[in-house]
């Protein structure tokens, strides 16, 4: 019986040794697998880093190009605005030259004219031509007399007692005509207001 027990004990020892060898082999396999996985993860991380760096470089390049394009656009529009301001006044002044010509002719005729009525009529024609030009450009005079005083339209230069009770706070006289350009006040009318 002792041989059987020895065999049984040996079997246990062999089994234990066999199990230890299997565990060692499994542990070695696991270590190798872990090393491979960490190498794969490192490769994946480096691949991911490379992809992210490439994406960053593309976005940065795109951003720099957009900034340069915007800067060029800004400079171009500023240059165009400056040109427009310079040449925009040109057409306005060109259209005023006929009025200047009329004034020159009127001044020459005033020196030699004997008929005052003809001079008055000529000056009125020039004035009407100039007012028509301003109207074409959107400039209109501000009608002030009898209107309620408004600080957006009028500038009070004097306040006098109102001749009638209804004229209090209203414009009694216009010292200088005001003008609007497309409903925007470009010069306030200087007025006398009743108190």
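The values are calculated or read from the model by the stated rules, or taken from the named source; none is laboratory data. None of these values were measured; they are calculated from a predicted model. Cβ placement follows ideal geometry from the backbone for every residue including glycine, while neighbour counts extend to all protein chains displayed.
Summary of values
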{"quantity": "From the options 114, 90, residue that is farther than 20 Å from residue 179 by Cβ and not in a helix (DSSP H, G or I)", "calculated": "114"}
{"quantity": "Single match in 149, 154 (criterion: modelled with pLDDT of 90 or more, outside the structural domain of residue 128 (by TED's automatic domain parsing), under 13 Å from residue 195 (Cα atoms) and surrounded by 12 or more Cβ atoms within 10 Å (Cβ to Cβ))", "calculated": "149"}
